[in-house]
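The values are calculated or read from the model by the stated rules, or taken from the named source; none is laboratory data. Source: prediction; values computed, not measured. Here the Cβ positions follow ideal geometry from the backbone for every residue, glycine too, while neighbour counts run over all protein chains shown.
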Amino acid sequence: MSPRWRDSSTTNAAAAESRATMDESHRLLDELPHRPPFRFLTRVQALTPQESGVAVWHVSGAEGFFQGHFPNHPIVPGVLIIEALAQLSGLVGFYRGPLNAEDSGISGAKDKEPQQGKLVQVDVRFDDSVIPPAEITLISQQARVLGALRQFEVSAKCREAIVARGRLTLAIVPGETDAGA
Amino acid sequence: MTSHAPSPERVERIAGIIRRDLMLGPDVSIHAETPLFGSDLDLDSLDALLLLQSLEAEFGFKMPTESFGPEVFKNVAALARFIDDQCGGG
């Protein structure tokens, strides 16, 4: 069975085996239908399709939305942290793996049709604000599957502290071809 | 899933959770044979998923992913039997 882990602080050998290289991270990000400025994953650190994933969103402080959120007092919008968690969850739930999955270091199913998900439900609480510049570690674990629905337990960490945690649900969008959210 | 008759207490607790989560008024009747889909309850799939989440918390079990099919949601009694199975008895 493929290696798995529960959060980005895990440092055991199994987790290290599943970590994505930079090239693989770029390729995974390209699997998302989202593109800048509305892609909120900077790199994928680890991914086990249909199980869990860890990614990082680097927020420099120069992003345009800080002009309004808020003037002279920038705070990363909570809704964008949710969106980042949803994008990572889209990869976890719907990325079906590369053709050469066995050789890539990223475990995954290689013979499945690609799918796209849409966000249908969110239940997330925020424990702290994120002030840029910041590196936000995003964690998603698939928790429940019911028909076309995938529910994920998600959290976001910044400076070693949990800043957001909860659950969100994605639904498969019939006939689409990317791992979205 | 087994076919035993669930306890009335289990059915009543589930009915209470359904009533709470779906914000149903007292005029909506919920009993063991009430279908979850297509009746007055008229759950959709997201309702069902969130209901399972509530039931996990209420009855203290953890739903294995992909361990169940649509028969679980046939009616309240079927859901109660499924929970009995997950909890190891009625």
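With the structure loaded, tell me whether A:Leu41 is of a type in the set (A, V, I, L, M, F, W, C), at pLDDT 95 or above, within 21 Å of A:Gln116 (Cβ to Cβ) and assigned to a loop (DSSP other than H, G, I, E, B) or whether it fails that test. Walk me through it before giving the result.
Working: of a type in the set (A, V, I, L, M, F, W, C): yes; at pLDDT 95 or above: yes; within 21 Å of A:Gln116 (Cβ to Cβ): yes; assigned to a loop (DSSP other than H, G, I, E, B): yes.
Taking the combined requirement at face value, the residue satisfies it.
Filtering the stretch B:6-45 down to residues that are within 14 Å of another protein chain (Cβ to nearest Cβ) and in a loop (DSSP other than H, G, I, E, B), which residue is farthest from the chain's Cα centre (by Cα)?
Kept after step one, since they are within 14 Å of another protein chain (Cβ to nearest Cβ), are these residues of the stretch B:6-45: B:21, B:36-37, B:43-45.
Next, only the ones that are in a loop (DSSP other than H, G, I, E, B) stay: B:36-37, B:43-44.
Details: B:Leu36: 8, B:Phe37: 11, B:Leu43: 11, B:Asp44: 13 Å.
Per the criteria, the residue is B:Asp44.
Any idea how many residues of the stretch A:81-115 are out of contact with any Asp or Glu (no Cβ under 9 Å at 6 or more places or on another chain) and modelled with pLDDT of 95 or more?
Of the residues in that region, 9 qualify.
Restricting to the stretch A:21-69, count the residues that are in contact with a helix residue (DSSP H, G or I) (Cβ under 7 Å, 6 or more places away or on another chain) and hydroxyl-bearing (Ser, Thr, Tyr).
Residues that pass the stated criteria total 2.
Which one of these is more than 22 Å from A:Asp128 (Cα to Cα) and of a type in the set (A, V, I, L, M): A:Leu85, A:Leu32, A:Leu41?
Numbers: A:Leu85 fails: more than 22 Å from A:Asp128 (Cα to Cα); A:Leu41 fails: more than 22 Å from A:Asp128 (Cα to Cα).
Being more than 22 Å from A:Asp128 (Cα to Cα) and of a type in the set (A, V, I, L, M) holds for just one of A:Leu85, A:Leu32, A:Leu41, which is A:Leu32.
Those residues that are under 21 Å from A:Leu47 (Cα atoms), among the β-branched types (Val, Ile, Thr) and more than 14 Å from chain B (Cβ to nearest Cβ), I need them from the stretch A:127-152; list them, please.
Answer for the stretch A:127-152, where residues must be under 21 Å from A:Leu47 (Cα atoms), among the β-branched types (Val, Ile, Thr) and more than 14 Å from chain B (Cβ to nearest Cβ): A:Ile136, A:Thr137, A:Ile139.
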